[in-house]
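The values are calculated or read from the model by the stated rules, or taken from the named source; none is laboratory data. Bear in mind that the values here come from a model prediction, so they are computed numbers and not experimental data. So basically every Cβ, Gly included, is an ideal-geometry build from the backbone, and we count neighbours across all protein chains shown.
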Amino acid sequence: MGEQTRAEPAAFLQAVAAYARHNVLPWHTPGHKQGRGAAEELQAALGPALQCDLSDVLYDPPSQHSWDSLLREAQERAAALFGASWTRFLINGTSGGVHAMLLATLTEDDVLIVPRQAHMCVAGGLVLSGAKPSYIPFRVDPVSQLPLPEGAEEYAVALQLTPKAKAVVVTYSNYYGLCCDLRAVANMARERGVLVLVDEAHGAHYAFHPSFPRPALACGAHMTVQSTHKTLSALTQASMLHGAADADIEAVDRALDVLQSTSPSSLLLSSLDSARAQMAAQGEALWTKAIEVAEMLRQRLRSMPGVRCLGADELGSVAYSWDPTRLIVGCEGISGLHLAAALRMRYGIQVEMADTRYCVVLVGLGDNVIHGQRLAAAIDQLRRTLSSSGNGESLSYPDIPPMALTPRRAAQSSSTRVSWNDAVGRISGQTLCPYPPGVPVLVPGELVTEEVVEFLRKATESGFYIRGYMGDGKVTVIA
């Protein structure tokens, strides 16, 4: 974490709030005119927030700073805090940041080493850049049935087999909070002149407590994208892209000019500035409390008969490091999907995600001991009263299908929709993946195999949401 002081306020947020407070008469966009022209239902739901939804007319008279200068200052302060050479605020989430990284660094002649379990947004980045993927196969721990982070050994093999690779993508952490030895991966890649591009969507908080995995930039990444909205206090869709000194900021800015809106949300940008200021002033103290809540909850759940809440003894054997604020919870004889549904329907408790074995619970800045006790009490009741649904076997991902076309070529080709059975042997025109965690089983340009079709059937029968699937038993293929 870079040097920051409490004296550095959220100036962008303050300027937005001041504009709303000064009751400026808005003869400008947005059309709802700071809420006065909004539908009553929207006014009732969002209230004063509408007054802060501004276009780039923002101007701060005391400092004579404009929208651009305030934003530039906010990004510079974020870079200092997160240990980056430069930072860019994103209004299209980490997916948009991954797209920008790939578009800025890759061309049609380039090869990208990418884990198969990388988020589906990487497939979109391949379409945008035209690059060819070289996949690291997806692995599952046979004991815990957790998806394993790709280790340094897997990247070493991939780099050896793909000597012309331009870049590697690293997911840090995966949805279960499990991390690889990123420093080892970065060292190997840098020795070969290969760019290290990190999807750190679930790790925006790593810089703020020694109990967390080390941040990606501190491990040697060239660039990393963080979902500031996922684990810090920014609004949903607000993320940050951080770069090291040897990352090409000019190429990134050109990519962002193409990909991001020319009418960025003042609410999203303000929330990023606020999240930065909050972490600068209170980061370690806030995360110390969150870790205490997580550990209390973990120990309480582990004391219950028939309940698993994975800890250091299990996670330390499957990952180089792991996030202590991410709880992986399972009940004997009850699927994670069944447990998650019962928590929501009976107790008004919503977990982050669930699979056939586990629920994933995120402990964050707004959680406290009372919240933890409420969740523990609900699980204690459900383990006694829920009828057995079987933990079920974790879905076994199919082998990576053969690639007939690059993702870009496939995405730009004419397509049609056919039944799953009729799709076998044809070229996919879309991405399909269970979500969360968003690990593709089919990417544009790959051949549809019987194994993929069988996986899709089992996934839908098990209650998984398949991103890209319309529920009609069909898949998009190249015509």
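Is at least one residue of segment 435-445 more than 27 Å from the chain's Cα centre (by Cα) and farther than 26 Å from Ser173 by Cβ? There is no residue in segment 435-445 that is more than 27 Å from the chain's Cα centre (by Cα) and farther than 26 Å from Ser173 by Cβ.
Note on segment 21-35: residues that are modelled with pLDDT under 90 and among the small types (Gly, Ala, Ser) total 0.
Yes/no matrix, rows are residues, columns are (1) in contact with a helix residue (DSSP H, G or I) (Cβ under 8 Å, 6 or more places away or on another chain); (2) within 30 Å of Trp287 (Cα to Cα); (3) outside the structural domain of Ala201 (by TED's automatic domain parsing); (4) not in a helix (DSSP H, G or I):
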residue: Gly372; (1), (2), (3), (4): yes, yes, yes, no
residue: Asp380; (1), (2), (3), (4): no, yes, yes, no
residue: Val439; (1), (2), (3), (4): no, yes, yes, yes
residue: Val452; (1), (2), (3), (4): no, no, yes, no
residue: Arg457; (1), (2), (3), (4): yes, no, yes, no
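Within segment 289-336, being among the small types (Gly, Ala, Ser) and either within 22 Å of the chain's Cα centre (by Cα) or not assigned by TED's automatic domain parsing to the domain that holds Asp355 (or both) holds for Ala290, Ala294, Ala319, Ser321, Gly336. For segment 267-301, which positions are over 26 Å from Val16 (Cβ atoms) and of a type in the set (Lys, Arg)? Selection gives Lys289, Arg298, Arg300.
Can you confirm whether Leu70 is assigned to a helix (DSSP H, G or I), closer than 16 Å to Ala11 by Cα and at pLDDT below 95?
When the stated conditions are applied, Leu70 passes them.
Taking segment 309-334 as the range and being touching a residue at least 40 places away in the same chain (Cβ under 8 Å) and not in a loop (DSSP other than H, G, I, E, B) as the test, the residues that pass are Glu314, Leu315, Ser321, Trp322, Arg326, Ile328, Val329, Gly330, Cys331, Ile334. The residues on offer are Ala280, Ala275, Ala294, and the sole one that is surrounded by 22 or more Cβ atoms within 10 Å (Cβ to Cβ), touching an Asp or Glu at 6+ places or on another chain (Cβ under 7 Å) and within 24 Å of Thr236 (Cβ to Cβ) is Ala280. Among residues of segment 232-269 being outside any loop (DSSP other than H, G, I, E, B) and without any contact (Cβ under 8 Å) to a residue 12 or more places away in the chain, the one that is nearest to Phe212 (Cα to Cα) is Glu250.
For the criterion of being in contact with a Leu (Cβ under 8 Å, 6 or more places away or on another chain) and in a helix (DSSP H, G or I), Leu337 fails.
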